[in-house]
Amino acid sequence: MPLSPVVPVLVFDSVTKLPPEADGAVVIGASHAAVYAAYMSAKFGCRAAIHHDAGIGKDEAGISGLAYADGLGMAMAAVATDSARIGDGADLEARGTISRANRLAAACGVAPGMSAREAAERLKQAPWPHSMPPAKGESRHEVDGAVCADSATLLLPEDRGRIVATGSHGALNSYKATAPFRPLLLMFNDAGFGADRGGVLALPELDREGIAAIAVAAQSARIGDGRSTLQDGTISDVNATAYRLGARVGGSALALARMLAEKSGQS
């Protein structure tokens, strides 16, 4: 009787770009578990995926990808924001505790309270291959003089000196994705802050480069949705550069953007 193929478990800080080896593997990816991240895991052929629940947040956006993955036939689970840092795959693997599992992951024995490592082992039995998702793009919009980008990976050179509201979390890898573009102001989702304040670790790093950055509360805006960050977001954290521009915890992201747009002539 032939042996069953070995199913690898691969760990990544983000699932926006995965290598060919992810095809057929169980992936622990430290992206949020919203729809677009689930789409990316499915697009790259992952057998099953474990993401971060990003504080679950407004309209349960942080785990909206679980039902989407079920529809494709892909098992997917999310780890609790307080258990591990978002944007840090090694931390998800080492400390992550499952908070939610979709129907197919539950059928593999994955349940809330389980370690991410144990869940990954169980997900080796997940059905595969699954359906490939129809093409789905993230988007950029102009709203009230601001650029709204659903992901920090969508910034462009022309965003230099502009107000940019992203749908991304504010973890360290978001700093690396956005700092080279040097916007006037960056907005992120705080992903519930989470373990070691992982959801906002980009803010002090951006401050060191003189780039203003704020985070909005996960409960106030849908993660993965740049327009929601801008239009719905309540500011939960600011760096010193943003504070000097007038950003305050508890304030409105939209009001801040409008004020800065008027001052800078971007309105």
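Is there a residue in the range 155-171 that is surrounded by 22 or more Cβ atoms within 10 Å (Cβ to Cβ), of a type in the set (S, T, N, Q) and modelled with pLDDT of 95 or more?
Yes, because at least one residue in the range 155-171 is surrounded by 22 or more Cβ atoms within 10 Å (Cβ to Cβ), of a type in the set (S, T, N, Q) and modelled with pLDDT of 95 or more.
When you check E142 against the structure, is it modelled with pLDDT under 95, within 21 Å of A34 (Cα to Cα) and of a type outside the set (G, A, S), yes or no?
When the stated conditions are applied, E142 does not pass them.
Is it true that some residue in the range 182-205 is of a type in the set (F, W, Y) and without any contact (Cβ under 8 Å) to a residue 12 or more places away in the chain?
no
If you check T229, T241, which single one turns out to be touching a Gly at 6+ places or on another chain (Cβ under 7 Å), part of a helix (DSSP H, G or I) and within 21 Å of E142 (Cα to Cα)? Let's see the steps before the verdict.
Working: T241 fails: within 21 Å of E142 (Cα to Cα).
Testing whether each residue is touching a Gly at 6+ places or on another chain (Cβ under 7 Å), part of a helix (DSSP H, G or I) and within 21 Å of E142 (Cα to Cα) leaves just T229.
Within the range 1-67, considering only strands (runs of 3 or more DSSP E) that don't extend past its boundaries, which have at least 2 residues that are buried (at least 24 other Cβ atoms within 10 Å of the Cβ)?
Qualifying strands (runs of 3 or more DSSP E): 26-32, 48-52.
Do you know which residues across the range 73-99 are out of contact with any Gly (no Cβ under 9 Å at 6 or more places or on another chain) and assigned to a strand (DSSP E or B)?
A75, A77
Per-residue answers, yes or no, for (1) assigned to a loop (DSSP other than H, G, I, E, B); (2) farther than 18 Å from D13 by Cβ:
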site	(1), (2)
P133	yes, yes
E142	no, yes
E158	no, yes
A165	no, yes
Y175	no, no
P183	yes, yes
A191	yes, no
G198	no, no
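Would you be able to say whether some residue in the range 242-259 is of a type outside the set (V, I, T) and within 18 Å of the chain's Cα centre (by Cα)? Lay out the reasoning, then the answer.
Taking the range 242-259 as the starting set, the residues that turn out to be of a type outside the set (V, I, T) are 242-248, 250-259.
Imposing the further condition that a residue be within 18 Å of the chain's Cα centre (by Cα) reduces the set to none.
No, the range 242-259 has no match at all.
The values are calculated or read from the model by the stated rules, or taken from the named source; none is laboratory data. Note that the structure is predicted; figures quoted are calculated from it, not measured. Every residue, glycine as well, gets a Cβ built from its backbone with ideal geometry; the counts of neighbours run over all protein chains shown.
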